[in-house]
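Here the structure is laid out as structure tokens; the discussion comes afterwards.
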Amino acid sequence: MSRKILSLVMPVYNEKNTVSKIIEKILRLDIVKELIIVDDGSTDGTRELLKNTRFDDRVKVLFQDRNMGKGSALRTGFKEASADIVVTQDADLEYDPVDLVEMVKPIEEGMADVVYGSRLSGGRPQRVYMFWHRIGNDFLTFMTNLLYNTTLTDMETGYKMFRKRVIDGITIRSNGFTVEPELTAKILKNKKLRIYEMPISYYGRTYAEGKKISWRDGLTALWAILRYRFTD
């Protein structure tokens, strides 16, 4: 029997070449109740593509007036989510929605409130590339574990899944990529939450292929990890 239990919230910014493919992959999953797409002021034709494409009833497309950042787009999308379980989804093809079928099980079976998809715990296909990007991610994850007394392997993952009541209880202040460490910090500070990790595939892009996050985002992420340890 089909289980429509999942809301996916997908920020989109200048992903004309990949957005249709990822939407198609997502809609193949029986567990998807809805896909909420938030176009964050795209200028490469993505916006027009989304406006002119007829999707099935599970897809809702929202448009921000200008580019405000990933955090702003997620904040907009989370408000519209109606399923019992909510997950973040990137609009490129670095993450495979098929992995969500396994990720959702600890929540569905009553064991977890939050599940992170780890690109670094092994067991799934991983692209071999970008040494310094890996070092940066490992350092941010180490600092997270040190400050919050936990054992995450991949705090910057794009697959973060929550019970809806969890994300409803978080006030997101970040507009940009610092939303990733902010969400992680606020989840880890809530000692009542049961947090799990599951291995996922990762088909990473190079900067030439469209990757957007840079070393500067790593510095702001480090500041966010420290800031949200002691403040909201």
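The values are calculated or read from the model by the stated rules, or taken from the named source; none is laboratory data. Since the structure is predicted, the reported quantities are computational estimates derived from the model, not experimental observations. A quick note on method: Cβ atoms are made from the backbone with ideal geometry, for glycine too, and the neighbour counts reach across all protein chains shown.
A few comments on the model shown:
- Of all residues in region 44-84 being hydrophobic (A, V, I, L, M, F, W, C) and in a loop (DSSP other than H, G, I, E, B), the one that is surrounded by the fewest Cβ atoms within 10 Å (Cβ to Cβ): PHE55
- Residue list for region 155-204, restricted to those being outside any helix (DSSP H, G or I), more than 21 Å from ILE5 (Cβ to Cβ) and hydrophobic (A, V, I, L, M, F, W, C): MET155, ILE172, PHE177
- Region 106-123, subset out of contact with any helix residue (DSSP H, G or I) (no Cβ under 7 Å at 6 or more places or on another chain) and among the aliphatic types (A, V, I, L, M), residue surrounded by the most Cβ atoms within 10 Å (Cβ to Cβ): ILE107
- Meets criteria (touching a Phe, Trp or Tyr at 6+ places or on another chain (Cβ under 9 Å), assigned to a loop (DSSP other than H, G, I, E, B) and modelled with pLDDT of 95 or more) for GLY41: yes
- Look at region 92-105: where a residue is surrounded by fewer than 20 Cβ atoms within 10 Å (Cβ to Cβ) and assigned to a helix (DSSP H, G or I) and a partner is at pLDDT 95 or above and of a type in the set (D, E, K, R), sitting 6+ places away or on another chain with Cβ atoms under 8 Å, you get VAL98/LYS25.
- Filter result for TYR129 (in contact with a Ser or Thr (Cβ under 9 Å, 6 or more places away or on another chain) and modelled with pLDDT of 95 or more): no
- Candidate set from region 1-38 (those that are of a type in the set (Gly, Ala, Ser) and outside any helix (DSSP H, G or I)); member that is farthest from ASN67 (Cα to Cα): SER2
Each row is one residue, and each column tells you yes or no for (1) modelled with pLDDT under 95; (2) touching a Lys or Arg at 6+ places or on another chain (Cβ under 6 Å).
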{"site": "ILE167", "(1), (2)": "no, no"}
{"site": "GLU182", "(1), (2)": "no, no"}
{"site": "ARG194", "(1), (2)": "no, no"}
{"site": "ILE200", "(1), (2)": "no, yes"}
{"site": "GLY204", "(1), (2)": "yes, yes"}
{"site": "TYR207", "(1), (2)": "yes, no"}
